[in-house]
Amino acid sequence: MENKYCQECGAKLVIKELENEGMVPFCPVCGQFRFPMYNVAVSMIVVDEQSGKILLIQQYGRPAYILVAGYVNRGEQVEHAAVREIKEETGMNVSRVEFNRTKFFEPSNTLMCNFTAYVEDSSELKLNGEVDACQWFTPEEAKKNILPGSLAAEFLNLYLDKKEKV
């Protein structure tokens, strides 16, 4: 059981059957079922609409290239989080976003929601302190340069494979 204590009162949770849900953590003090909690984040394949190139970034002193990503704020729509994160980290304005897919990322207990985000003016690019460096790549170059075996690579490769079939 992931949640051992009630997030409201701190009482130790017990496992109890809930009709049509199975065995679910239950707080005997509050009398409420407590479903498992997890983080929600967005990652974006940032595409320059004019050149078709894809932006990959480097962060936290690591040399590997990854996608722009960030956590969703409480009450925020995931689409808005995608636009906000790109603006915060790169200074660029997003003209449109398209949902790609989700995948649960166990190491950080996070549901990752992946989007393609299109920017009309890549000259707006101005990195903030969260991003060490970035580079625009053709789709083929992006595939070769993204961190191998990462969730970012999985999202990018699925996106590019889907585009090739269209």
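Annotation: lysines with alpha-carbon distance below 25 angstrom to K53 (same-chain offsets under eight excluded): K87, K103, K126, K143, K144, K162, K163, K165. On a per residue basis, the chain carries 59 Å² of accessible surface, using protein heavy atoms and a 1.4 Å probe. Listed peptides 17-23, 93-99, 117-123 appear in the order 117-123, 93-99, 17-23 once ranked by packing, highest mean of other Cβ atoms within 10 Å at the front. For region 80-128, the fraction of 1.4 Å probe accessible surface lying on carbon and sulfur atoms is 52 percent.
Relative to the current alpha-carbon distance between S123 and C9, full extension at 0.36 nm per residue lengthens the span by 36.0 nm.
The slack in the chain from F105 to Y38, taken as 0.36 nm per residue of separation less the alpha-carbon distance, amounts to 23.1 nm.
Computed from Cα positions, the angle between helix 78-90 and the longest principal axis of the chain comes to roughly 50 degrees.
Please identify every one of the trypsin sites (Lys or Arg not before Pro) in region 1-65 that sits in a loop by DSSP and has no more than 14 other beta carbons within 10 Å of its own beta carbon.
Sites meeting the loop and neighbour criteria: K4.
Summing charges over neighbours of Y60, with a neighbour being any other residue whose Cβ is under 14 Å away from its Cβ, gives -2 when K and R count +1 and D and E count -1.
Across region 49-92, the residues whose backbone nitrogen lies under 17 Å from the label position 7 Å along the beta-carbon direction of E154 are 66-70.
With Rg and the Kirkwood Rh both taken from Cα atoms, where does Rg over Rh land for region 1-119? Walk me through the numbers before you get to the answer.
On the way: Rg = 18.9 Å, Rh = 16.7 Å.
That ratio is 1.13, to two decimals.
The values are calculated or read from the model by the stated rules, or taken from the named source; none is laboratory data. If you're wondering where the values come from, they're calculated on a predicted model, not measured in any experiment. We place every Cβ from the backbone using ideal geometry, glycine too, and count neighbours over all the protein chains shown. Accessible surface areas use protein heavy atoms only, side chains included; no ligands, DNA or RNA. Shrake-Rupley method; radii C 1.70, N 1.55, O 1.52, S 1.80 Å.
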